[in-house]
Amino acid sequence: MRLEMMTSAAVERYLGDCPGLIVPVGATEQHGPDALIGTDHLCAEAIARRCGREHDILVAPTLAYGMSQFHLGFPGTMSLRPSTLTAVALDLICSLAATGFTRIYFFNGHGGNVAPIRCAVQEYYAARSMAGAATPTPVHCRLKSWWEMPGADALRRELYGAQEGYHATPSEVAVTLAACPDAIAPFNRPPPAVSTGDILMHAGDNYYDAADFRRRYPDGRVISHSALATREAGDRLIALASADLAVDFRAFCGAE
Ligand code: NI
């Protein structure tokens, strides 16, 4: 069920049965020499829409721009500042809360979005707390990234091990190959080597600026061997992740 394809009256009826929806969030940023600039939002969107279709769960339009400042050394990247993404996410939370939603599930495809969206959620609660709201908020937010879904996480480790890497991963490329028939499979170019210390320093998309990123990772990837991606693996990842997303979403909606 896609929000943008429904009427407001239909959304009102949906709210009578279910208090929540999924908001896919991603990025528009370089993904190395072989993979799509839209990879992060295409992955979150494909999995969320499959979940919505198969389990009658409402899915909002995808937020296709994220916090990607460290990729701005590569053309095609379009980033929001961290503060901008926080402001956008906060406005979406406030809009949904004002119109009757009490469970908002952000389904993420880009590590750089995690801190700004968590910040938005806390801004929403802080406004209530500091205003001295006397009753607990009914509005709960959850943020999870698609690769945290247990079945997909296990499969990507099994298929790719250390070659999964951190950016332009074969698992995310596989999902785009399955979701986008026009996407071209990556070539057989292995990723450049990166030191273990460098990885520990920057884990979780905790990079410095764009010029520093391009100097450290000149081909845009961080270890990931994108060419291991296949459509078949992408189909399996989408099926596993969308099934786990449905379970987690229902538990989230039912939790106090
Ligand atoms: Ni990505």
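Read-outs throughout are calculated quantities, based only on the coordinates presented, and are distinct from any laboratory measurement. Small disclaimer: the values here were computed from a predicted structure and weren't measured. Counting neighbours? That spans all protein chains shown, and the Cβs are built from the backbone with ideal geometry, glycine included.
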For residue 108, list long-range residues whose amide hydrogen, built 1.01 Å from N in the peptide plane, is under 5 Å from its own amide hydrogen. 25, 144, 145, 146
Pairing the Cα long axis of helix 114-130 with the longest principal axis of the chain, what angle in degrees results, from 0 to 90 and rounded to the nearest 10? 20 degrees
Convert each backbone phi in segment 63-80 into a coupling constant with the Karplus relation 6.51 cos²θ - 1.76 cosθ + 1.60 (shift: θ = phi - 60°), then list the ³J(HN,Hα) values in order as whole Hz, x for Gly and Pro. 7, 8, 10, x, 8, 10, 4, 6, 9, 6, x, 10, x, x, 6, 10, 10, 9
Percent of beta bridges antiparallel (DSSP, the chain, rounded to nearest 5): 15 percent
Amide H of residue 207 versus every other amide H placed in the peptide plane: which residues, excluding those fewer than 5 positions away on the same chain, fall under 5 Å? none
Would you calculate, for the chain, the mean residue ellipticity at 222 nm contributed by helices, counting each DSSP H stretch of 4 or more residues as -39,500 (n - 2.57) and dividing by all residues, to the nearest 500? -15000 deg cm²/dmol
Please give me the summed charge of the neighbours of residue 194: other residues whose Cβ is under 13 Å from its Cβ, Lys and Arg +1, Asp and Glu -1. +1
